[in-house]
Structures are given as structure tokens and as C-alpha cells.
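Take a look at the structure below.
The values are calculated or read from the model by the stated rules, or taken from the named source; none is laboratory data. Since the structure is predicted, the reported quantities are computational estimates derived from the model, not experimental observations. So basically every Cβ, Gly included, is an ideal-geometry build from the backbone, and we count neighbours across all protein chains shown. In case anyone asks, the SASA skips ligands and DNA or RNA and just uses the protein heavy atoms, side chains included. Shrake-Rupley method; radii C 1.70, N 1.55, O 1.52, S 1.80 Å.
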Amino acid sequence: MSDRAGRWNWTHRDPDYLPPEIDTTKPSIARVYDAFLGGKDNFAVDRAVATEGMRHFPDRGEGARNNRAMLFRGVKYMAAQGIDQFLDIGSGLPTMDNTHSVAQRIDPAAKVVYVDNDPIVLAHARAILQTDKRTRVITADMREPEVILGHPEVDGFLDFSRPIGLLLVAVVHHLADEEDPDGLVDTYKARLAPGSYMQLTHFCSCAPEMRELEAVLLQMLGTGRARDMPEIVRFFDGLELIEPGVVHVPEWRPEKPVSYPLDLGGVCVAGGVGRKP
């Protein structure tokens, strides 16, 4: 067994051991999101960010849960259209259900690659997925599309000559304007074959409280920006939007009646799914 493989078997050997790549003194996006969802794979520094965020934005994590629910609906929709391979960038920590679980319930042969820049995601995901040969996970940053798209666990596993489901769920809002989020999203879209889909969700500035949450995230996490609806819609340029278009996430093809008016947790994230013609 290689040294690399050994380092990532820590979850089986000793639950109290953490590999040196994981810094528990600094908050991580993946672990803060896990804390918002009420998960257990986070540390005190991550819970502090989530607690402060919910103090200024008292939705009790409902926005995160709504976002997660739309992820599942989007994956189910794409799988129902025949998509059998998915690239989930900024996937976060495995939680109560995952992209591969949803896709493989519809098509057991579906392939999924998870990408996140937090090494703890790799550790947890590999522990969970050690017997799943159709799902891979890599550590990489979405700001480096050439690294992700050229990675052998991506390019050598997914077939980019065929349609792919690209997931950019709650990740693009962690890019600052000067990091050219539109250009980065365009780079990923350009690699997709015709017939591919992209699902994207993003913090929406529709509620004034979002500016308070944004300030907390920028101060404590260094990242996290709300953008308005037209800015979010622009990420789908060149794609055919699937009905109902870019909307608040509870409104995207809901599986149960939506209660109006939407509460704070309902308006804080917007998104949609687009198909590449």
C-alpha cells in the first residue's frame, strides 16, 4: 500500500487521528456548510462561523437544507434525461444523501466524481466509497479548471465526448468578482459535450439579511458573496434553461407544494439547471 493510500485510511484505523493536511484551527467552507446542515463532521472553529452566521441570518440552516434538496432534484432530473456521469465540483462533505446515491438509484451504472479543496472531504468520501468503483473523489480547487479537467480521476474516468451533468452547487458564490467567476464557469461549460447539463446554485441578494450573512462569511471565512438574480442568470449564458428557469431553490421543480410568501431560508439561494445545445 502506498504512503498516500495509507495516509487516507485514517478513518478506519483511529477515529481520533487527523491527517496533517487538515487544519482544525481555521474554518473550512465544507465543514461550515456541514455545521449549517446540522452535521457532525466539523470543528469548533467551523461551528463558530455557523453560529455567528445564524445569529445575523436566523433561518436555522433552512437555506442550506433547501439548497441540498434542490441538488437532489436536479440530479434526479438529469439522470431521468439519460445523464449517467456527473462532475460535482465543490461537493462538500458526504452527508445524509449524496449525488452518487441519488444518481445510482435511477441508474446503477452512473459514474460520479466529487471535487473539493478540503482534504477532509477526500478522507471521509474515500472511507464511505471504498467499495464503490463507479464513484471517485479528488482534492482540487475550482479556480484551477485545467487541474480538475485534466486530472486522471476525471478525464480518465468520465467520457467528455458524451453528455455530463456538471454540478456547481453553492460553490461559485465563494469566488470574488476579481477571480472572474463568469470566466471560470464558461471554461467548465466549454468542455461539456452537447446534451450536457449544468446545475448551479448561488447566494441571492434578494433578502437584505443576506448582506449581514455575507459580511460574517467574509470576516470569518474570507469568502462568500451574494449576487442578484441577473448576475446568477448570466452564469447560464449559452445554455437552454430548464423550466422554471433560475428561481429561488424551493421553487425549482418542487416535489411538494411551496408555501408563500417564501421565508428567509427560501429566498437566500437561487439556482437552476441548463442544457448545452
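State whether the residues of segment 267-276 include one that is outside any strand (DSSP E or B) and free of Cβ contacts under 8 Å to residues at least 60 places away in the same chain. The answer is no, given that none of the residues of segment 267-276 is outside any strand (DSSP E or B) and free of Cβ contacts under 8 Å to residues at least 60 places away in the same chain.
From the residues in segment 213-226 that are out of contact with any Cys (no Cβ under 7 Å at 6 or more places or on another chain), in contact (Cβ under 8 Å) with a residue 12 or more places away in the chain and not in a helix (DSSP H, G or I), which one is nearest to Val45 (Cα to Cα)? Checked segment 213-226; the qualifying residue nearest to Val45 (Cα to Cα) is Leu221. Quick check on segment 135-144. Is at least one of its residues in a strand (DSSP E or B), among the hydroxyl-bearing types (Ser, Thr, Tyr) and open to solvent by 30 Å² or more (accessible area, probe 1.4 Å)? Yes: segment 135-144 contains one or more residues that are in a strand (DSSP E or B), among the hydroxyl-bearing types (Ser, Thr, Tyr) and open to solvent by 30 Å² or more (accessible area, probe 1.4 Å). Residues in segment 190-212 that are open to solvent by less than 10 Å² (accessible area, probe 1.4 Å) and in a helix (DSSP H, G or I): 1 in all. Cβ separations smaller than 7 Å between residues 6+ apart or across chains give the following pairs from segment 149-169 residues that are under 18 Å from Thr99 (Cβ atoms) and open to solvent by 50 Å² or more (accessible area, probe 1.4 Å) to residues that are in a strand (DSSP E or B) and of a type in the set (Lys, Arg): Glu153/Arg136.
Restricting attention to segment 239-277, the residues that are surrounded by 13 or more Cβ atoms within 10 Å (Cβ to Cβ) and not β-branched (Val, Ile, Thr) add up to 21.
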